Structure formats: structure tokens, C-alpha cells
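Please read the structure below before turning to the comments.
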């Protein structure tokens, strides 16, 4: 293999192992064995486990950020639901690695690693803004979106710890959470109220946002 081809192979092997166990529990020997090469050869391409982990994380972060990319077609609620399904697909496929990344640890404490995590959050933030068709977000909207992204992360981590709640329910709940956070903010701010009305204007009764309204009416009665 050429240098870059071998590097990409090792990154792929590392990601596969990190999807099964926390990166801190995976040794260079295991990565070398899975790749069919010697331990010294791994160090020929990467100075150490942390550098390999960061390279693997960079690829994973790019993939995770891509899960938030969604065509601007159809009602917003349905778009967000598709995004959440792809997000949980990633969490499901890379559980231990995702958990270790978000919770932190010796292998994920570097500045470079933290920057990659922040880049995913920023990519998600930018994507949500684009779906709302907002260029210069007011402070309350930024708070809503960033809080929702943090909530999605926390929900995924709790789900991974036993998977006691059906995944599909959590995906729908997170879409409802976005609407609820926006609604609460709208109660305090005219600009957010206008945004909420615009969000709901094109929503069908059988969509995720309509489902939330129906559930709340049922509770009230």
C-alpha cells in the first residue's frame, strides 16, 4: 500500500475497534493485528495512539457533521426527524467511541480532539440555522439551537447506557423538544414568536410538530 492508503486503512480499522470498545481500551497491538501489520509499522504512519485516535476522530466527526445535512424540502419537523434518525444511526454504530468522545478521558483530552467536537456542534448549529432561513440569529435563537444540540448529545449518551427507551421514541421526542424550546423562548420574545409562527405555518397535522400539539391537547383535556 502507498503511505496515504495505509494511513486510511489504519484509520478505518481504528474506527471499527472504537465502535466496539472505548478508545482507551484499544491497544496499538490490537489495531496492528486487525490491520494485518506489525506494531512498529503502525508507528511508522502515526507517532502514537493519540495521533491515530485523532485522525480516526477527524473522519468520524466529518461523518457525524454530515448527518445534519438535509435538503431544504418539505416541513421542518419532518426534516429534523430525518436528521435525528441519521444522528442515532451514527450513535448506534459507534456507541463506545461516541460515549468516550463526549464524556472525555485520557485519549480524548487533547486540544485537537476538543476542537473536532466543537466543529461538529458548530456544523449542526449552522445547518439548523439554514433550515430556519436565519442569517443573523438573535441571542435567544442561538440559545435554543445550542441547547437543543447539547440535549441531543445527552439524550444519546443516556440511551447508550442500557437503551431502555425505544430509539424511535427518542428521535421523535428530540424533534418535539426543539419545538418546545422554541415555544418557551417565543413566550418571552416577539422575534422568537414570529419565528415560531413561521415554523408552524407549513406544518401538517400528521407531522412531528402536529403530533406534539395533539399530545399536549390530550394532556390538557
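A Cβ distance below 9 Å, combined with a sequence gap of six or more or placement on separate chains, defines the contacts here; from the stretch 17-29, residues that are without any contact (Cβ under 8 Å) to a residue 40 or more places away in the chain reach residues that are in a loop (DSSP other than H, G, I, E, B) and surrounded by 15 or more Cβ atoms within 10 Å (Cβ to Cβ) in the pairs 17/26; 28/46. Just one of (1) assigned to a helix (DSSP H, G or I); (2) touching a residue at least 12 places away in the same chain (Cβ under 8 Å); (3) over 25 Å from residue 97 (Cα atoms) fails for residue 147. It is (3).
Scanning the stretch 190-207 for residues that are touching a residue at least 24 places away in the same chain (Cβ under 8 Å) and within 17 Å of residue 133 (Cα to Cα) yields 191, 192, 195, 199, 202, 203. Within the stretch 40-53, the set of residues being at pLDDT 90 or above and in a helix (DSSP H, G or I) comprises 40, 41, 42, 43, 44, 45. Checked against the criteria, residue 76 counts as more than 22 Å from residue 154 (Cβ to Cβ) and surrounded by 20 or more Cβ atoms within 10 Å (Cβ to Cβ). Residues that are over 22 Å from residue 20 (Cα atoms), under 12 Å from the mean Cα position of the chain (by Cα) and assigned to a helix (DSSP H, G or I) are absent from the stretch 85-104 altogether. For the list (1) at pLDDT below 95; (2) assigned to a helix (DSSP H, G or I); (3) touching a helix residue (DSSP H, G or I) at 6+ places or on another chain (Cβ under 6 Å), I need the number of the one condition that residue 152 fails. Against the list (1) at pLDDT below 95; (2) assigned to a helix (DSSP H, G or I); (3) touching a helix residue (DSSP H, G or I) at 6+ places or on another chain (Cβ under 6 Å), residue 152 comes up short only on (1).
Of all residues in the stretch 196-221, those that are under 14 Å from residue 75 (Cα atoms) and assigned to a helix (DSSP H, G or I) total 10. Taking residue 34 as the residue in question, decide whether it is surrounded by 15 or more Cβ atoms within 10 Å (Cβ to Cβ) and outside the structural domain of residue 156 (by TED's automatic domain parsing). Taking the combined requirement at face value, the residue satisfies it. The single condition among (1) more than 17 Å from the chain's Cα centre (by Cα); (2) under 18 Å from residue 83 (Cα atoms) that residue 112 does not satisfy is (2). Criterion first (under 18 Å from residue 178 (Cβ atoms), outside any helix (DSSP H, G or I) and assigned by TED's automatic domain parsing to the domain that holds residue 191) does residue 68 satisfy it? Against the criterion (under 18 Å from residue 178 (Cβ atoms), outside any helix (DSSP H, G or I) and assigned by TED's automatic domain parsing to the domain that holds residue 191), residue 68 qualifies. When residue 37 is tested against (1) in a loop (DSSP other than H, G, I, E, B); (2) in contact with a helix residue (DSSP H, G or I) (Cβ under 7 Å, 6 or more places away or on another chain), exactly one condition is not met: (2).
The values are calculated or read from the model by the stated rules, or taken from the named source; none is laboratory data. Computed from a predicted model, the values in this text were never measured in an experiment. Cβ coordinates were reconstructed from backbone atoms using ideal geometry, including for glycine residues, and neighbour counts include every protein chain displayed.
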